[in-house]
Amino acid sequence: MKELVLFQSDLYYESDDDYDMAGIMLNSVMQSIKTVFEPCVFVGTVGRWNGTFSGYRYCHNFNDLQNVISGYDDIIIRQIGTRLYFSLIHHDGRHEMELRRLNDYGYNNRDNASFDCFNEETLRYIKRNTKNFGKLFIDREG
């Protein structure tokens with residue numbers, strides 16, 4: 001499947017105008033996500049100064065999602081088929097995460113003890129009870 005880069009922040013940092021354009025482009029992508037938002041889970045690897053670890057972050061609402069991706073040096077948002085991937089880059093490392101929607105069972109049982117800490121049970125729960133995010137329509141005009 002073809003990879004489509006929806007947003008890549010480091011492409012816009014040549015001047016202050018380009019930096020403003022990055023904000024406009026990121027906002028366009030995030031508004032597209034917001035229009036189809038459902039409770040979801042980021043799942044993938046978390047790169048830190050002391051190594052790379054598996055991790056997840058549950059997003060109850062769209063504000064949670066925005067908080068997850070804020071404060072990074074660079075952001076890359078890619079779509080491959082109906083899968084949505086985020087590369088969140090910071091001074092200590094890089095997080096490679098897929099955004100997955102909870103299916104009906106996952107949503108109705110999201111407060112299950114499997115979300116208390118990250119372990120193999122959590123991974124199994126996420127794999128069984130999530131679905132691909134889906135394709136986004138991105139308004140390239142801003």
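The values are calculated or read from the model by the stated rules, or taken from the named source; none is laboratory data. Owing to the predicted nature of the structure, the values given are computational and were not obtained by experimental measurement. Positions of Cβ are generated from backbone atoms using ideal geometry, with glycine treated the same way; all protein chains shown enter the neighbour counts.
Taking GLY23, is it under 15 Å from ASN132 (Cα atoms), out of contact with any Lys or Arg (no Cβ under 8 Å at 6 or more places or on another chain) and small (Gly, Ala, Ser)? Lay out the reasoning, then the answer.
Numbers: under 15 Å from ASN132 (Cα atoms): no; out of contact with any Lys or Arg (no Cβ under 8 Å at 6 or more places or on another chain): yes; small (Gly, Ala, Ser): yes.
No.
Residues to consider are ARG124, ARG110, ARG140; find the one that is among the basic types (Lys, Arg), modelled with pLDDT of 65 or more and either farther than 28 Å from GLY71 by Cβ or not in a helix (DSSP H, G or I) (or both).
ARG124
If only one of LEU88, LEU65 is in contact with a His (Cβ under 8 Å, 6 or more places away or on another chain), modelled with pLDDT of 90 or more, crowded, with 17+ Cβ neighbours inside 10 Å and not polar (S, T, N, Q), which one is it?
LEU88
Please go through the range 37-74 and pick out each residue that is more than 24 Å from GLY23 (Cα to Cα) and among the hydroxyl-bearing types (Ser, Thr, Tyr).
Answer for the range 37-74, where residues must be more than 24 Å from GLY23 (Cα to Cα) and among the hydroxyl-bearing types (Ser, Thr, Tyr): THR45, THR52, SER54, TYR56, TYR58.
Cβ contacts < 8 Å: first residue under 21 Å from GLU38 (Cα atoms) and part of a helix (DSSP H, G or I), restricted to the range 83-107; second residue hydroxyl-bearing (Ser, Thr, Tyr) and modelled with pLDDT under 95, any location; separation 6+ or different chain. Result?
So the pair list comes out as GLY106/TYR125; GLY106/THR130.
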